[in-house]
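Chemist: Below: one structure in structure tokens.
The values are calculated or read from the model by the stated rules, or taken from the named source; none is laboratory data. These figures come from a predicted structure and were not determined experimentally. Here the Cβ positions follow ideal geometry from the backbone for every residue, glycine too, while neighbour counts run over all protein chains shown. The accessibility values were calculated without ligands, DNA or RNA, using every heavy atom of the protein model including side chains. Shrake-Rupley method; radii C 1.70, N 1.55, O 1.52, S 1.80 Å.
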Amino acid sequence: MNIQQRTVGRRTFMRGALAAAAVAPLGGALVACAGSGSDDDNDNDGGTKSADNPFGMAENANVDAVIFDGGYGTDYVAFAAALMEKNFAGSTVKVSATTEIAQELQPRFVGGDPPDLIDNSGENSIGFATILDQLEDLTEVLDADNLEGTPIRDTLFGGVEAPGTFGDKFAALNYVLTVYAVWYSASLFKENGWEPPTTWDEAIDLGGKAKAKDKYLFLWGKEAATYYQTLAIGSAIKEGGDEVRLALENLEEGCWSLSAVQDVFTAMGEIVSAGYVKPGGAGTQFTAAQAQWSNNQDALLYPSGSWIENEMKDQTKAGFEMTGFPEMVVSSSSAMPYTAMHSAAGEPFVIPSQGKNVPGGKELLRTMLSKEAATNFAKTKLAPTIIKDTVPADGFGSTALVSQSKMLTDAGSDVFTWKFVDFYGTNVDQLVVWNSFLAGNASVSELTSRLQEITDKIREDDSIKKVEVT
Amino acid sequence: MTETAVASATTEARRRRPRRSARRPLTFDRVSFFLVFLGLPLALFLVFVVWPFVQAFYYSMTDWSGFTPDMNFVGLDNYRRLLDDDIFMTALRNNVVLALVVPLVTIVLSFALATMVTVGGSSHGAARGLRNSSFYRVISFFPYTIPAIAIGLIWAQMYDPSNGLLNGVLTGLGFERFESFPWLGDTRTAMPASIFVIIWGFVGFYMVLFIAAIKGIPAEYYDAARIDGAGRLRIAWSITIPLVRETVQTAYIYLGILALDAFVYMAALNPGGGPDNATLVMPQRLLDAAFTKGQFGLASAMGVVMAIATLLFAAIVFAVNRLTGGHERVTRR
């Protein structure tokens with residue numbers, strides 16, 4: 001049912017209810033701004049397609065891009081926008097920054113006037129399940145040549161389409177490559193003769209050694225307790241393989257009780273009950289907690305995405321030498337090797353089908369995927385994009401960036417990710433459970449049953465659209 | 001003769017009545033007056049207050065995602081889902097706890113302070129406050145001048161388990177068990193700690209409100225009560241409270257509305273809802289449903305539940321005040 005067709009019926013109903021005819025014209029205006037105006041005049045066609053203009057953007061067109069202003073800022077898009085304005089003289093590209101993607105764009109989606117390109121990222125991003133139907137399929141962009149003339153698909157790291165593919169639709173192009181790992185200070189480890197653990201047993205040993213030095217193995221902050229869930233799932237998928245990943249992704253019954261998951265939870269439970277986790281995390285703001293790791297070195301290890309280096313740049317001890325290693329495995333007989341990596345591209349760029357200038361949005365994305373723009377990103381943000389070969393061997397002087405490149409090379413094709421947490425928006429509920437568990441207030445079996453409850457609730461709620469992962 | 005007089009009087013009256021009630025000529029003056037002082041506010045009220053309420057109520061009966069113009073009417077389904085949603089019910093319960101505790105404690109505290117700085121001073125001579133009372137008045141008003149979000153962030157730092165001022169002081173005093181104690185991360189302390197912050201922010205303001213009310217009471221009442229031998233507590237109970245009753249009621253309702261929301265404080269202190277959702281409040285859940293999960297219909301239903309809870313609260317406060325004789329005494333005065 002469409003609001004527009006309903007307007008009259010609803011308006012009369014409201015009028016009767018209010019018994020105030022005076023309101024009707026004004027009320028009508030409000031309804032109009034809440035739910036109509038979708039008879040958009042998107043001039044999608046106009047330009048002729050050519051090698052330099054593969055999507056056929058009209059001449060002298062305007063592109064409207066709304067970019068999440070988070071850890072990476074928005075200047076990298078502005079860089080590409082300037083490049084594009086040079087290539088298409090007469091066209092203008094407007095790049096607006098916001099941290100409130102959902103709040104700011106919600107009325108524009110309803111009004112049928114969304115921007116041409118969105119970086120749907122950050123805490124206030126729009127859930128993909130909500131807008132999936134309204135997004136363009138971006139396969140066309142990957143099939144096009146980049147500005148240098150190479151097909152874009154050939155310039156990408158492996159598996160980068162996975163996080164943006166929902167069902168059979170490639171709806172989001174995730175631009176920044178994120179490596180999920182466990183991070184430590186190489187200098188501190190060298191000083192004490194410690195080795196980064198490869199199995200959970202080694203991690204427990206290391207916890208004992210840390211205790212002897214009055215340090216903890218792990219610490220956490222209340223908003224980031226689920227980083228340990230990410231670590232646990234990554235480790236369990238390596239142990240049990242795709243079977244575990246698919247069970248979790250498809251919200252299967254008893255998915256948290258699979259033996260691979262349980263083995264990891266049990267090991268974590270041991271670490272918690274041995275007192276190797278710094279207490280008080282449930283009451284500590286997460287960046288404050290992270291500073292206790294990167295600055296005070298209260299704990300040895302911290303599981304996180306590769307944004308951690310940039311995030312803690314100002315609060316990292318000099319000579320820390322931040323380095324990452326892949327998630328611990330349970331045993332040497334794991335389904336995937338220890339070097340397998342949980343890596344996913346982040347910063348999902350989407351193009352709404354109702355935008356005024358869809359080809360323009362695609363063209364801006366194509367420009368961002370050019371070697372020039374991608375190298376600019378790697379250099380200024382110290383993070384790799386999904387474009388290969390933009391990071392030199394010295395990693396622009398960053399140990400974390402070098403270790404990311406190394407881990408990705410070691411992993412080869414053993415790269416995996418999952419998206420049920422973000423897709424169904426369960427992180428908020430899971431945070432509560434993990435905070436209790438890490439604080440030592442919930443046992444492994446409580447952790448399991450409560451995570452299962454969250455999963456079951458989504459599965460059994462028919463109003464939530466599910467996407468089958470294979 | 002008398003009959004005709006009566007009759008003519010009535011016809012006179014009848015004749016006069018329509019003339020009396022006949023509208024005075026609609027001069028530009030009168031019309032513009034009505035338009036500006038009656039029409040405009042009414043229109044603004046209808047468009048910006050009543051209409052959004054009606055709209056929200058309508059949306060609460062649809063499955064609107066918030067990002068499309070499409071929606072289906074689902075009747076009361078969203079409300080049924082809320083009743084089955086244990087996390088929302090926890091949030092509702094937390095709001096109710098806040099609405100019970102915050103107004104009560106804040107009002108008792110601020111009333112006690114107000115009494116002390118106005119009439120709680122020396123029992124000799126005229127009724128007056130404690131010495132330096134104007135100084136106390138100023139400093140206790142300070143917290144109210146800080147924006148709520150800043151209060152929340154400041155206290156989140158104070159409560160920090162490892163580097164916070166509170167644990168620093170407590171461990172410094174030799175209470176070793178508060179080493180790294182997570183005030184906002186422990187199910188037993190998260191809610192009381194959060195409540196404390198809200199009260200801390202509001203005591204000063206309500207103290208000033210009560211001071212103004214107490215200043216409005218003629219000093220003779222206090223003098224007379226003193227001569228009759230009433231002590232300070234007795235005076236507060238039998239003179240001050242009955243005479244500031246309406247102010248107490250107003251304060252109670254304001255604080256109750258605040259406590260049934262409490263979003264800013266809770267979002268600053270424990271954005272995730274606290275340990276085991278101990279400090280989760282309804283608006284946090286609402287925001288999550290609307291913008292993260294794309295369930296605007298359900299979120300609207302939460303909003304309606306919040307509005308109903310607030311109206312119920314106000315009704316209860318009015319009723320209690322009326323039943324305990326509030327109205328009567330005020331009129332008797």
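Chemist: From A:Gln290, A:Gln297, grab the single residue that is surrounded by fewer than 22 Cβ atoms within 10 Å (Cβ to Cβ), within 14 Å of another protein chain (Cβ to nearest Cβ) and under 28 Å from B:Ile154 (Cα atoms). Give the steps one after another, and end with the answer.
Modeler: On the way: A:Gln290 fails: surrounded by fewer than 22 Cβ atoms within 10 Å (Cβ to Cβ).
Of A:Gln290, A:Gln297, the one residue that is surrounded by fewer than 22 Cβ atoms within 10 Å (Cβ to Cβ), within 14 Å of another protein chain (Cβ to nearest Cβ) and under 28 Å from B:Ile154 (Cα atoms) is A:Gln297.
Chemist: So which residues in the stretch A:381-402 are under 20 Å from the mean Cα position of the chain (by Cα) and either among the polar types (S, T, N, Q) or in a loop (DSSP other than H, G, I, E, B) (or both)?
Modeler: Passing the criteria: A:Leu382, A:Ala383, A:Pro384, A:Thr385, A:Ile386, A:Lys388.
Chemist: Continuing with this model, one more query. Can you name every residue in the stretch B:166-197 that is within 30 Å of the chain's Cα centre (by Cα) and open to solvent by 30 Å² or more (accessible area, probe 1.4 Å)?
Modeler: B:Leu166, B:Trp183, B:Thr187, B:Arg188, B:Pro192, B:Phe196
Chemist: While we're looking at this one, here's another question. Among the residues of the stretch A:452-468, what is the count of those that are open to solvent by less than 20 Å² (accessible area, probe 1.4 Å) and more than 24 Å from the chain's Cα centre (by Cα)?
Modeler: 0
Chemist: Okay, moving on. Those residues that are of a type in the set (A, V, I, L, M), at pLDDT 90 or above and outside any loop (DSSP other than H, G, I, E, B), I need them from the stretch A:142-156; list them, please.
Modeler: A:Leu142, A:Ile152
Chemist: A further question follows. Output the number of the condition that B:Arg234 fails; it satisfies all remaining conditions of (1) in a loop (DSSP other than H, G, I, E, B); (2) surrounded by fewer than 18 Cβ atoms within 10 Å (Cβ to Cβ).
Modeler: (1)
Chemist: B:Ile154 fails exactly one of the following numbered conditions: (1) of a type in the set (A, V, I, L, M); (2) under 30 Å from A:Asp298 (Cα atoms); (3) surrounded by fewer than 13 Cβ atoms within 10 Å (Cβ to Cβ). What is the number of that condition?
Modeler: Single failed check for B:Ile154: (3).
One line per residue, one yes/no per condition, for (1) open to solvent by 40 Å² or more (accessible area, probe 1.4 Å); (2) farther than 23 Å from A:Val421 by Cβ; (3) within 12 Å of chain A (Cβ to nearest Cβ):
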{"position": "B:Val244", "(1), (2), (3)": "no, yes, no"}
{"position": "B:Gly297", "(1), (2), (3)": "no, yes, yes"}
{"position": "B:Val304", "(1), (2), (3)": "no, yes, no"}
{"position": "B:Ala315", "(1), (2), (3)": "yes, yes, no"}
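Chemist: State whether one or more residues within the stretch A:86-96 are open to solvent by 50 Å² or more (accessible area, probe 1.4 Å), closer than 29 Å to A:Thr375 by Cα and in a strand (DSSP E or B).
Modeler: yes
Chemist: Show me the helices (runs of 4 or more DSSP H) entirely contained within the stretch A:259-375 in which 1 or more residues are more than 19 Å from A:Leu401 (Cβ to Cβ) and not assigned by TED's automatic domain parsing to the domain that holds A:Val244. Can you show your working first?
Modeler: Working: elements: A:259-273, A:286-294, A:308-311, A:358-368.
It comes to A:358-368.
Chemist: I've got another one for you. Among the listed residues A:Thr139, A:Thr199, A:Thr178, identify the single one that is within 30 Å of A:Gly319 (Cα to Cα) and at pLDDT 90 or above.
Modeler: Sole residue among the options that is within 30 Å of A:Gly319 (Cα to Cα) and at pLDDT 90 or above: A:Thr199.
Chemist: May I pose another question? Taking the condition of being under 17 Å from A:Ser331 (Cβ atoms) and of a type in the set (D, E, K, R), how many residues in the stretch A:200-214 meet it?
Modeler: Total satisfying the criteria: 3.
Chemist: Here's a follow-up. Taking the stretch B:241-276 on its own, how many of its residues are under 24 Å from B:Ala319 (Cα atoms) and assigned to a helix (DSSP H, G or I)?
Modeler: Qualifying residue count for the region: 18.
Chemist: Which of (1) in contact (Cβ under 8 Å) with a residue 40 or more places away in the chain; (2) within 14 Å of another protein chain (Cβ to nearest Cβ); (3) open to solvent by less than 50 Å² (accessible area, probe 1.4 Å) is the odd one out, the single condition A:Asp422 does not satisfy?
Modeler: (3)
Chemist: Within the stretch A:425-448, how many residues are away from chain B (no Cβ under 14 Å) and free of Cβ contacts under 8 Å to residues at least 12 places away in the same chain?
Modeler: Number of matching residues: 1.
Chemist: Right, here's the next one. When you go through (1) of a type outside the set (S, T, N, Q); (2) open to solvent by 80 Å² or more (accessible area, probe 1.4 Å); (3) at pLDDT 80 or above one by one for B:Arg131, which number turns out not to apply?
Modeler: (3)
Chemist: Checking the conditions here, which among A:Pro115, A:Pro107, A:Pro151 is more than 9 Å from every other protein chain (Cβ to nearest Cβ), open to solvent by less than 60 Å² (accessible area, probe 1.4 Å) and touching a residue at least 60 places away in the same chain (Cβ under 8 Å)?
Modeler: A:Pro115 is the lone residue from the list that is more than 9 Å from every other protein chain (Cβ to nearest Cβ), open to solvent by less than 60 Å² (accessible area, probe 1.4 Å) and touching a residue at least 60 places away in the same chain (Cβ under 8 Å).
Chemist: Just to check your reading of the model, which residue among B:Val101, B:Val49 is more than 9 Å from chain A (Cβ to nearest Cβ), outside any loop (DSSP other than H, G, I, E, B) and in contact (Cβ under 8 Å) with a residue 12 or more places away in the chain?
Modeler: Answer to the selection: B:Val101.
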